[in-house]
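Below you'll find the structure, written out as structure tokens, and then a few comments.
The values are calculated or read from the model by the stated rules, or taken from the named source; none is laboratory data. All values reported here derive from a predicted model rather than from experimental measurement. No Cβ is skipped: glycine too gets one built from the backbone with ideal geometry, and neighbour counts run over all protein chains shown. Protein only, heavy atoms only, side chains kept; ligands, DNA and RNA dropped before computing areas. Shrake-Rupley method; radii C 1.70, N 1.55, O 1.52, S 1.80 Å.
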Amino acid sequence: MRADRDKTLRKLKTVRGQIDGLIKMVEEDRYCIDISNQLLASISILKNINKDILHSHLEGCVYDAINRNDEEDAKEKIDEIQLILDKLNK
């Protein structure tokens with residue numbers, strides 16, 4: 001993985017803490033809108049992490065494959081990105 005490992009781990013641990021908080025909120029039968037707002041915050045961080053990882057993949061793995069003139073590897077990397085984009089748009 002070429003993304004900033006420490007930054008990625010820090011964000012994932014933040015989401016883990018939010019998920020733990022969400023579990024507690026549900027167990028305590030907290031107000032639905034409060035739970036929903038926390039869910040949206042967690043989703044936002046996860047989307048941000050995914051964006052960072054995809055940017056790093058494009059700037060690293062895809063760039064390297066193109067720079068090496070490895071057409072097969074470059075095509076494979078581009079196909080992988082297209083699959084991810086398809087999943088994001090569902």
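One table, with the values for the structure above:
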read-out: Farthest positive-ward along the chain dipole, Cα basis, beta-carbon charges - from 58, 19, 8; value: 19
read-out: With every protein chain in place, the chain: carbon and sulfur % of accessible area (1.4 Å); value: 54
read-out: Under 21 Å between alpha carbons - lysine pairs in the chain that sit 8 or more apart or on different chains; value: 18
read-out: Whether the stretch 37-90 is rounded, prolate or oblate, judged on the alpha carbon gyration tensor where a/c under 1.5 counts as rounded; value: oblate
read-out: Extension reserve of the residue 75-residue 45 stretch, reckoned as 0.36 nm per residue once the Cα distance is removed; value: 7.8 nm
read-out: Percent RCO, i.e. relative contact order, over the chain, from Cα pairs under 8 Å lying at least 6 residues apart; value: 34
read-out: Neighbourhood charge, 9 Å Cβ-Cβ cut-off, centred on residue 52 and excluding it, Lys, Arg +1 and Asp, Glu -1; value: +2
read-out: Alpha-carbon gyration tensor eigenvalues x 5, square-rooted, for the chain, Å; value: 36, 14, 7
